[in-house]
Structures are given as C-alpha cells and as structure tokens.
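Participant: Here it is, the structure in full.
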Amino acid sequence: MSTTPNPSVTITNLESAFAGESMAHIKYRYFAKLARAAGAEDVAKIFEATAEQEIMHAFGHLDLLYPKHLLTPAKSLEIAIEGETYEYTEMYPKFRHLAVKEGNSAAVAEFDEQIAESKEHADAFRRTLEMAAKRFAALAKVEERHANHYRAALAAVQDAVRV
C-alpha cells in the first residue's frame with residue numbers, strides 16, 4: 001500500500017495490520033452467512049457485530065497510512081489504479097502460474113477471473129480520473145473567464161472614478 005520504496009517498519013506493520021483486520025472482516029461476514037444458512041442466527045449476529053468492529057480497526061490503520069489531509073479524490077484514484085494494476089500485472093499472474101504448477105484448476109479459474117476484474121477496475125478508475133481532470137480543466141477556463149470579466153469591470157470602475 002505504501003508508495004514509498006522502503007517504508008518504515010511501522011508502515012509495514014500498519015499495512016499488515018490493515019490486511020489482517022480487512023481479512024477478518026470478510027471472513028467473519030462469510031462465517032455469518034454460513035451460520036445463518038445453518039439456522040444459527042445468534043452465531044451469525046456475533047460474527048456480524050465483530051466484523052463491524054474489524055472495519056473500524058482497519059479504518060484506524062488507514063487513517064495513519066493515508067492521512068486525510070494528504071488525500072484528494074485524484075490521489076485516491078491514483079492509489080487505486082496503482083493497486084489494481086499491480087493485481088492484474090503481477091500478483092494474480094504469479095498466483096496463477098503457481099496454481100497451474102500445482103494443478104489446481106479451480107484456483108487458476110479464480111485467478112483468471114480476478115486478473116480480468118482487476119484490469120476492469122483499474123480501467124474504470126483511470127477513466128474516472130481522466131474525466132475529473134477534463135472537468136477541472138473546463139472549470140478552470142470558466143473561472144478564468146469570470147476573473148477576466150471581473151478585472152475588466154474593476155478597471156472600468158477605476159477609470160470612471162479617475163475621471
């Protein structure tokens with residue numbers, strides 16, 4: 001997650017803690033789904049309540065990894081593009097290769113699906129970032145026109161006062 005080449009031990013630990021809390025959240029949601037299907041509503045509810053707490057733990061780690069005052073929507077999109085691109089160009093292809101070597105066709109199919117979806121996600125984030133940049137450029141032109149109009153109006157008033 002860190003975009004620095006050699007993150008500190010603390011950053012590495014925060015990333016690991018975030019991964020652990022995120023995994024626990026999803027795992028507990030899954031366990032709740034299975035418990036509910038088995039008719040164990042009380043077990044499902046405890047898993048769901050704990051899963052919600054895991055989210056809050058993960059968000060606490062994210063607050064330290066990605067301080068709010070440093071993030072903009074564009075920066076968030078750039079981080080997301082980087083992560084999704086890593087998934088479809090490096091992570092899942094490596095996992096797929098190892099699954100092929102082990103003969104695990106179910107895992108190969110899962111990794112193929114994730115490669116395709118990660119590429120779609122990166123492309124969607126990229127398109128969103130490009131559209132936002134175009135909107136900002138268009139707004140900047142409008143603001144420049146307004147500023148020029150106000151400058152001209154101010155100059156006219158100043159000229160009238162001097163006369």
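Participant: Is there a pair in Lys94/Lys134; Lys27/Lys94; Lys33/Lys101 whose C-alpha atoms are over 26 Å apart, and which pairs would that be?
Facilitator: Distance filter (> 26 Å) returns Lys94/Lys134; Lys33/Lys101.
Participant: Something else: Order these by the 10 Å Cβ neighbour count, fewest first: Lys68, Lys75.
Facilitator: Lys68, Lys75
Participant: Given the rule -39500 (n - 2.57) for each run of at least 4 DSSP H residues, summed and divided by the residues of the chain, what is its mean residue ellipticity at 222 nm, to the nearest 500 deg cm²/dmol?
Facilitator: Calculated from helices alone, the mean residue ellipticity at 222 nm is -30000 deg cm²/dmol.
Participant: Only four residue types carry charge here, +1 at the Cβ of Lys and Arg and -1 at the Cβ of Asp and Glu. Report the dipole size of region 1-69 about the Cα centre in Debye, rounded to the nearest 20.
Facilitator: 160 debye
Participant: Which residue, Ala74, Ala133, Ala122, has the most motion in a Gaussian network model of the chain that connects Cα atoms within less than 10 Å?
Facilitator: In this elastic network of the chain, the residue with the biggest mean-square fluctuation among Ala74, Ala133, Ala122 is Ala133.
Participant: If each Cα of the chain is one equal point scatterer, what is log10 of I(q)/I(0) from the Debye formula at q = 0.16 Å⁻¹?
Facilitator: Log10 I(q)/I(0), no solvent term: -1.16.
Participant: Only Cα pairs under 8 Å and at least 6 apart count here; give the relative contact order of region 50-121 as a rounded whole percent.
Facilitator: Computed value for region 50-121: 31 percent relative contact order.
Participant: If you take every residue apart from Ile115 with its C-beta less than 9 Å away from the C-beta of Ile115, what net charge results, scoring Lys and Arg +1 and Asp and Glu -1?
Facilitator: -2
Participant: Taking the beta-carbon count within 10 Å as an exposure proxy, list Arg96, Arg145, Arg126 from fewest neighbours to most.
Facilitator: Listed from fewest to most nearby Cβ atoms, that is Arg145, Arg126, Arg96.
Participant: Here is a further query. List the relative contact order of region 1-69 as a percent without decimals, with contacts defined as Cα pairs under 8 Å and 6+ residues apart.
Facilitator: RCO, region 1-69: 40 percent.
Participant: Given R₀ = 45 Å, FRET efficiency for Phe136-Arg162 by Cβ-Cβ distance, to 0.05?
Facilitator: 0.75
Participant: Taking the Cβ of Ala124 as the centre, find all other residues whose Cβ is under 12 Å away and add up their charges (Lys, Arg: +1; Asp, Glu: -1).
Facilitator: -2
Participant: Calculate, in nm to one decimal, what Ala116 and Lys27 gain on full extension: separation in residues at 0.36 nm each, minus their alpha carbon distance.
Facilitator: Gain on stretching Ala116 to Lys27: 29.7 nm.
Participant: For the chain, what's the relative contact order in percent, using C-alpha pairs closer than 8 Å and at least 6 residues apart?
Facilitator: 18 percent
Participant: Could you tell me how far the Cα centroid of region 77-129 sits from the Cα centroid of region 11-58, in Å?
Facilitator: 24 Å
Participant: For region 72-163, what mean projected area does the convex hull of the alpha carbons give, in nm²?
Facilitator: If you wrap the Cα atoms of region 72-163 in a convex hull and average its projections, you get 7.0 nm².
Participant: Provide the FRET efficiency to the nearest 0.05 for the Ala40-Leu98 pair, computing r from the beta carbons and using R0 = 35 Å.
Facilitator: Efficiency at R0 = 35 Å is approximately 0.45.
Values quoted throughout were computed directly from the atomic coordinates according to the rules given, and no laboratory measurement underlies them. All of these numbers come straight from a predicted model, not from anything done at the bench. Cβ: placed from backbone, ideal geometry, glycine included. Neighbour counts: every protein chain shown.
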